[in-house]
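These notes are about the structure you will find just below.
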């Protein structure tokens, strides 16, 4: 890995723990004004101190995030369909030049293995890996799950390994039973888990804890943080699990105090 890419990658990963806590707020590119992100800037501002990186689109970044913000950006560069259509029909929407102008620390796109447009989304990943290698920008591949796909180790291991084979420098996927098999399939490539749809806070923290215990390199949560009744408490709790190896019981104590 070239120096510039190593440097950008090191901004995302916490130097002490070697893990990362990403805050995902890129939902609007296919969901529109997602609950909790109607005023994205107001939602994100109190959470940023507890995040290692912010996953976001270029439009949201320029519209709601002040340029003085110094957290690394994981820039969403794919899109093309809304929740009203077939989500796997994606294109690359953001040029590598714009990612450079934004000063992105990484770029990211979704890969829909097993879906209608599998080939095209794998091609999207290959394209941005090529561009990322040219300019020293690491690529996070997101294993998106189609409507007919089962979130088990066999399928997610297949999807993640394909992303690794295409050259992804980091993979985001879902936590599932036998998760260590997915981590093993990715070799030395870090695997972070997606938060997915909003679930009960204790369950979300248990998922984060189990993922870290099973070899995940971090957590990229969105709705389970900003749709919580105490987003800052939830962000602090996730951070404690990922960086401090806190138990779920300890994390729940961190989450609860200001949840009134």
Checking 208, 251, 240 in turn, the sole residue that is touching a strand residue (DSSP E or B) at 6+ places or on another chain (Cβ under 6 Å) and more than 15 Å from residue 152 (Cα to Cα) turns out to be 208
Original post:
Do we have residue 62 as assigned to a helix (DSSP H, G or I) and under 30 Å from residue 161 (Cβ atoms) here?
Top reply: no
With the first residue restricted to segment 34-52 and required to be at positive phi and touching a residue at least 12 places away in the same chain (Cβ under 8 Å), and the second required to be part of a loop (DSSP other than H, G, I, E, B) and surrounded by 14 or more Cβ atoms within 10 Å (Cβ to Cβ), Cβ contacts under 7 Å at 6 or more apart or on different chains are 36/227
Of the residues in segment 58-75 that are in contact (Cβ under 8 Å) with a residue 24 or more places away in the chain and closer than 13 Å to residue 105 by Cβ, the one that is surrounded by the most Cβ atoms within 10 Å (Cβ to Cβ) is 74
Residue 141: passes all of (1) at pLDDT 95 or above; (2) in contact with a helix residue (DSSP H, G or I) (Cβ under 7 Å, 6 or more places away or on another chain); (3) over 18 Å from residue 6 (Cα atoms); (4) buried (at least 21 other Cβ atoms within 10 Å of the Cβ) but (3)
Taking segment 209-232 and keeping residues touching a residue at least 40 places away in the same chain (Cβ under 8 Å) and assigned to a helix (DSSP H, G or I) leaves 209, 212, 223, 225, 226, 231, 232
Reported set for segment 88-112 where residues are free of Cβ contacts under 8 Å to residues at least 40 places away in the same chain and farther than 17 Å from residue 140 by Cβ is 89, 91, 95, 97, 101
Scanning segment 175-196 residue by residue, those in contact with a helix residue (DSSP H, G or I) (Cβ under 6 Å, 6 or more places away or on another chain) and part of a loop (DSSP other than H, G, I, E, B) turn out to be 175, 176, 178, 186, 189, 195
Residue 54 meets each of (1) closer than 23 Å to residue 240 by Cβ; (2) in contact with a strand residue (DSSP E or B) (Cβ under 7 Å, 6 or more places away or on another chain); (3) in a loop (DSSP other than H, G, I, E, B) with one exception, condition (3)
For segment 76-87, pairs from a residue that is on the phi < 0 side of the Ramachandran plot and crowded, with 18+ Cβ neighbours inside 10 Å to a residue that is modelled with pLDDT under 90 and assigned to a loop (DSSP other than H, G, I, E, B), with Cβ under 6 Å and 6 or more apart or across chains, are 87/81
Note: among 83, 122, 128, 100, just one is in a helix (DSSP H, G or I), farther than 24 Å from residue 11 by Cβ and in contact with a helix residue (DSSP H, G or I) (Cβ under 8 Å, 6 or more places away or on another chain), namely 122
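The values are calculated or read from the model by the stated rules, or taken from the named source; none is laboratory data. Since we're looking at a predicted model, the values are computed, not measured. Here Cβ is always computed from backbone atoms with ideal geometry, including for glycine, and neighbour counts include all displayed protein chains.
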